[in-house]
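Participant: Questions regarding the structure given below will be posed in turn.
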Amino acid sequence: MAIPTAFSGPKLESLSSSAAAASPASIGLFCNPGRVRRLSIQKGLFNSGIRCEVAASDVVDQSQSSGNVTSSSSLSALEQLKSSAADRYTKERSSIVVIGLSIHTTPVEVREKLAIPEAEWPRAIGELCNLNHIEEAAVLSTCNRMEIYVVALSQHRGVKEVTEWMSKTSGVPVTEICKHRFLLYNNDATQHIFEVSAGLDSLVLGEGQILAQVKQVVKVGQGVTGFGRNISGLFKHAITVGKRVRTETNIAAGAVSVSSAAVELALMKLPESCHTTARMLVIGAGKMGKLVIKHLVAKGCTTMVVVNRSEDRVSAIREEMKDVEIIYKPLNEMLKCAAKADVIFTSTASETPLFMKEHVVDLPPVSASVGSLRLFIDISVPRNVGACVNELEDARVYNVDDLKEVVAANKEDRLRKAMEAQAIISEESKQFEAWRDSLETVPTIKKLRAYAERIRVAELDKCMSKMGDDISKKTKKAVDDLSRGIVNKLLHGPMQHLRCDGSDSRTLSETLENMHALNRMFSLETDISVLEQKIRAKVEQTQK
């Protein structure tokens, strides 16, 4: 029975009471999971937003029910409605959910609209966590993927809210996002981020840049409200998995990055005779641009022009590659440089295209020795080169989606390494889920300590009152320390049995059993579940 957050607590009680006063004898409600035939009643009380499923055979004709259904049984049924309404929704465990669009499911023209620059990740996390059913969040936005990871109080509502947020911030219709997105929950979401970090989900198997990007998510998330324990733990574990897979499977050996694949693609499109003589222009001297330069040098290129906002990065690259002529040009000379280039690589963070058809149409033609085509290799997301440039007869544009042609090689070897990596990922996924399960004992630990502290303070006050007002501070402190010591020693055993590192499934199972036993013995469970408290806190936060 799903209850919107607006009907938690007092509002739910109010609705249930008003319903009882209205016409309690008109229907009989029975929460019997054994019923097969069910229908939904959305009249009267249920117009308020509460949806209740009842057995078809339990809908009694009012003329017959008035003599058969007593007032007390109707009230009992409504009490069941009141209690089970909160239980069914709020006792659902928070879920880890990933809402993603990647190079495997979504064309670049959609991904670029949804992309979130790294500088805006903290803002995005804050906005996501302000949604009613989202507790924690993280954003992983790269040239190949746009993925949002959340801890959701409700899977369905959480996905709906995040999808609508993505649409609102990007301008992409919800229907378009739903057409391309993929959704993964809990274990599947965990396995996915582990595969991403290990390079198994990359266009280029085992490429190392994605691991650095996952690390950056953790770095940016530190101190950001909403990058909480579950999501932080998930990404930190993913980093561990990425390192372990690369160490134990050698999956990165011989692997190419997006930048090296871009260079390979350019050389595939050029006549072999001009591989070392074609005029190369690299726009952007960031991480991707630097890798493009390195791979061009590795392929025999000895001269190139690099356009960048400032010269500092270009100078640093020049210091690393002293045997290569790297010519720096400022951004305002980009078109002049493009006019003298045969191949143009773009890898900037610009959110608007650098080259459109009108910029390229008047550029002088390139030599027949290089195929009479000016090549634009665009590895940026959002794209730096408009697709309209392809309409020109003497120009061709290739983006990150076109790199599949390059990475199709060595498929058999890549699949073998991927299978080895999957075994590691499966093992690590179980460990992470065990760790997350172990977090369930934290509320019990807090409640048990609070329970013991209340008793200690109450008994200490009684003792102090009997001892009178003339006792010294030293004596008071000694008695207080004594009471604390006794409580701590008594709690030590139960606390030890409520803690585990999550690496041993048997120990974890025992720990959870101990948790339930202590909850029963000391009546630590409250009528309001942990999730209901979270929902109420969320509602109060949005009302401030």
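The values are calculated or read from the model by the stated rules, or taken from the named source; none is laboratory data. Everything numeric in this text was worked out from a predicted model, so none of it was measured. Don't worry about glycine lacking a Cβ; one is built from the backbone with ideal geometry, like all the others, and counts go over all protein chains shown. Side chains included, ligands, DNA and RNA excluded: accessible areas come from the protein's heavy atoms. Shrake-Rupley method; radii C 1.70, N 1.55, O 1.52, S 1.80 Å.
Participant: Return the inverse of the average 1/r over all pairs of distinct C-alpha atoms in the stretch 298-351, which is the Kirkwood hydrodynamic radius, in Å to one decimal. Walk me through the numbers on the way to the answer.
Facilitator: Numbers: mean 1/r = 0.0826 Å⁻¹.
Across the stretch 298-351, the inverse of the average 1/r is 12.1 Å.
Participant: Another question about this same structure. Considering only the other residues whose Cβ falls under 14 Å of the Cβ of residue 489, what net charge follows from Lys and Arg at +1 and Asp and Glu at -1? Let's see the in-between values first.
Facilitator: On the way: positive: 449, 456, 484; negative: 481.
Once positives and negatives cancel, what remains is +2.
Participant: With a 1.4 Å probe and all protein chains left in place, how much accessible area per residue does the stretch 258-401 have, in Å²? Intermediate values should be presented prior to the final figure.
Facilitator: Numbers: 6660 Å² over 144 residues.
With all protein chains present, the stretch 258-401 gives 46 Å² per residue.
Participant: Continuing with this model, one more query. Multiplying the sequence separation of residue 299 and residue 430 by 0.36 nm and subtracting their Cα-Cα distance, what value in nm do you get? Please report the intermediate quantities before stating the final value.
Facilitator: Working: separation 131, 0.36 × 131 = 47.16 nm, distance 4.34 nm.
Taking 0.36 nm per residue and subtracting the Cα distance, the gain is 42.8 nm.
Participant: Still on this structure, please answer the following. Could you check the spin-label model distance between residue 474 and residue 462? Points 7 Å from the Cα along Cα→Cβ, value in nm.
Facilitator: Result: 2.9 nm between the two label points.
Participant: With a point put 7 Å past each Cα toward its Cβ, work out how far residue 423 is from residue 188 in nm, to one decimal.
Facilitator: 2.6 nm
Participant: Hey, another quick one. Which values of log₁₀ I(q)/I(0), to two decimal places, follow from the Debye formula for the stretch 258-401 at q = 0.09 Å⁻¹ with a uniform point scatterer at every Cα?
Facilitator: -0.23
Participant: Just to be sure I understand the model, the point goes 7 Å from the Cα along the line to the Cβ. What's the resulting residue 315 to residue 401 distance in nm?
Facilitator: Using points 7 Å along Cα→Cβ, the separation is 4.1 nm.
Participant: Follow-up question, since we're still on this one. Full extension from residue 519 to residue 358: what is 0.36 nm times the residue separation minus their Cα-Cα distance, to one decimal in nm? Let's see the in-between values first.
Facilitator: On the way: separation 161, 0.36 × 161 = 57.96 nm, distance 7.14 nm.
Full extension of this stretch gives 50.8 nm more.
Participant: Show me the three semi-axes of the equivalent ellipsoid for the stretch 147-257, from the C-alpha gyration tensor (sqrt of 5 times each eigenvalue), largest first, rounded to whole Å.
Facilitator: Result for the stretch 147-257: semi-axes of 27, 17, 13 Å.
Participant: Can you list the HN-Hα couplings for the stretch 158-172, worked out from phi with the Karplus curve (6.51, -1.76, 1.60; θ = phi - 60°), rounded to whole Hz and with x for Gly and Pro?
Facilitator: Result, rounded to whole Hz: x, 4, 4, 5, 5, 4, 5, 5, 4, 5, 5, 7, 9, x, 7.
Participant: Arrange the peptides 481-490, 338-347 so that the one whose residues have, on average, the most other Cβ atoms within 10 Å appears first.
Facilitator: Numbers: 481-490: 12.5, 338-347: 22.8.
Those peptides, ordered most packed to least, come out 338-347, 481-490.
Participant: Still on this model: State which entries of 113/243; 168/236; 168/357; 219/243; 269/340; 447/474 exceed 20 angstrom in Cα-Cα distance in the structure shown. Can you show the working numbers first?
Facilitator: Working: 113/243 31 Å; 168/236 30 Å; 168/357 30 Å; 219/243 17 Å; 269/340 18 Å; 447/474 30 Å.
Where the Cα-Cα span goes over 20 Å, the pairs concerned are 113/243; 168/236; 168/357; 447/474.
Participant: Where does each of 120-126, 189-195 land if you order them by average Cβ count within 10 Å, highest first?
Facilitator: With the highest mean Cβ count within 10 Å placed first, the list reads 189-195, 120-126.
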